[in-house]
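*Asks:* I'd like to ask some things about the structure below.
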Amino acid sequence: MANTSPGLIGRKIGMTQLFHNGDAVAVTVVEAGPNHVIAVKKSDGVDGYDAVQLGFTEQKESRVSQAEQGHFAKADVPLLKHVQEFRVSPDDLASFQVGSAIGPDALFSEDDTVDVTGTSKGRGFAGVMKKFNFKGFIRSHGSHEYFRHGGSIGTRLTPGHVQKGKKMPGQFGAATRTVQNLTVIKVDAEKNLLFIKGGVPGPNGGIVRVRRAVKG
């Protein structure tokens with residue numbers, strides 16, 4: 001199911017804990033604003049679909065192309081580093097005005113359920129024990145140079161090839177991942193911070209997308 005709920009671009013700050021309903025809760029702190037509305041696209045216009053284009057983090061002029069500078073100037077927004085689109089429903093589209101700045105309190109409140117998308121930490125080329133938690137081979141006197149191998153991958157004559165999706169060594173991490181149905185514990189409108197229960201993908205300082213949960 002495609003998520004057409006509105007969202008914001010944010011930066012993962014790190015993790016801490018808050019007391020919520022008498023319990024100590026581990027939360028991820030996300031700086032989710034201000035987001036500047038650069039463009040609003042409508043299905044009945046030239047774009048052919050409903051979406052809002054947002055920008056996050058101001059950028060110095062020397063690092064922005066002339067074409068991008070013109071795009072930002074047309075919307076009357078600062079030069080921005082991170083620009084992303086969010087598909088939204090026509091009903092939600094009316095709440096976004098080109099040139100305006102929005103913070104986390106405009107879309108989220110305490111106890112809301114959100115989906116957070118980020119790029120997971122890259123861990124390079126990894127073996128099956130690190131990547132898939134294989135237990136490894138028996139460490140007896142008869143085993144040699146086979147302690148961390150993946151084992152047999154064959155299927156004999158039928159079908160006679162390695163099955164697709166076989167768990168084997170390869171690149172680990174550095175992939176787009178979404179964690180669904182996380183709870184917003186607190187919204188700090190003054191500092192543009194979201195405190196989200198649990199962990200989210202990516203390192204501290206990584207860019208994430210926070211939007212209302214598609215299954216919430």
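*Asks:* Springs between alpha-carbon pairs under 10 angstrom, Gaussian network model over the chain: which of VAL114, VAL162, VAL40 fluctuates most?
*Replies:* Most flexible of the set in this elastic network: VAL162.
*Asks:* With a cut-off of at most 13 other beta carbons within 10 Å, and DSSP calling the residue loop, which chymotrypsin sites (Phe, Trp or Tyr not before Pro) in the stretch 41-116 qualify? Please list them. Please report the intermediate quantities before stating the final value.
*Replies:* Numbers: sites: TYR49, PHE56, PHE72, PHE86, PHE96, PHE108; in loops: TYR49, PHE96, PHE108.
Answer by residue number: TYR49.
*Asks:* In the set [x] 41; [y] 22; [z] 30, which value of percent of Cα pairs over 30 Å apart was calculated from the structure you see?
*Replies:* [x]
*Asks:* Taking the chain as the reference, fit the longest principal axis to its C-alpha atoms, fit the long axis of helix 66-75 to the helix C-alpha atoms, and give the angle between the two in degrees, 0 to 90, nearest 10.
*Replies:* 50
*Asks:* Would you be so kind as to identify which of PHE72, LEU18, PHE125 lies farthest towards the positive end of the dipole of the chain, taking Lys and Arg as +1 and Asp and Glu as -1 on Cβ and the Cα centre as origin?
*Replies:* It is PHE125.
*Asks:* About the Cα centre of the stretch 95-152, what is the dipole size in debye to 20, counting +1 per Lys and Arg Cβ and -1 per Asp and Glu Cβ, all else neutral? Each step should come with its number before you reach the end.
*Replies:* Working: 7 positive and 6 negative charges, 179 e Å.
Using only the charged Cβ atoms, the result is roughly 860 debye.
*Asks:* Still on this structure, please answer the following. From the phi of every residue in the stretch 159-164, what ³J(HN,Hα) in whole Hz does the Karplus formula 6.51 cos²θ - 1.76 cosθ + 1.60 yield, where θ is phi - 60° and glycine or proline is x?
*Replies:* 3J(HN,Hα) across the stretch 159-164, in whole Hz: x, x, 8, 6, 5, 5.
*Asks:* Give, as a single signed number, the net charge of other residues whose beta carbon lies under 10 Å from the beta carbon of ARG123, with Lys and Arg counted +1 and Asp and Glu -1. It would help to have the intermediate numbers written out before the result.
*Replies:* Working: positive: LYS121, LYS130, LYS131; negative: none.
With Lys, Arg at +1 and Asp, Glu at -1, the net is +3.
*Asks:* Hey, another quick one. Just to confirm a number: summing +1 for Lys and Arg and -1 for Asp and Glu over residues other than SER152 whose beta-carbon lies under 13 angstrom from that of SER152, what do you get?
*Replies:* Numbers: positive: ARG156, LYS166, LYS167; negative: none.
So the surrounding residues net to +3.
*Asks:* Could you work out the relative contact order of the chain? I mean the mean sequence separation of Cα pairs under 8 Å and 6+ apart, divided by the number of residues, in percent. It would help to have the intermediate numbers written out before the result.
*Replies:* Working: 474 pairs, mean separation 67.4, N = 216.
Across the chain, relative contact order equals 31 percent.
*Asks:* Just want the answer: with Cβ charges of +1 for Lys and Arg and -1 for Asp and Glu, which residue in ALA101, PRO201, VAL88 is farthest toward the dipole's positive end in the chain?
*Replies:* PRO201
Read-outs throughout are calculated quantities, based only on the coordinates presented, and are distinct from any laboratory measurement. Predicted model only: the values in this text are computed from it and were never measured. Cβ sites come from the backbone with ideal geometry, for glycine too, and all protein chains shown count toward neighbours.
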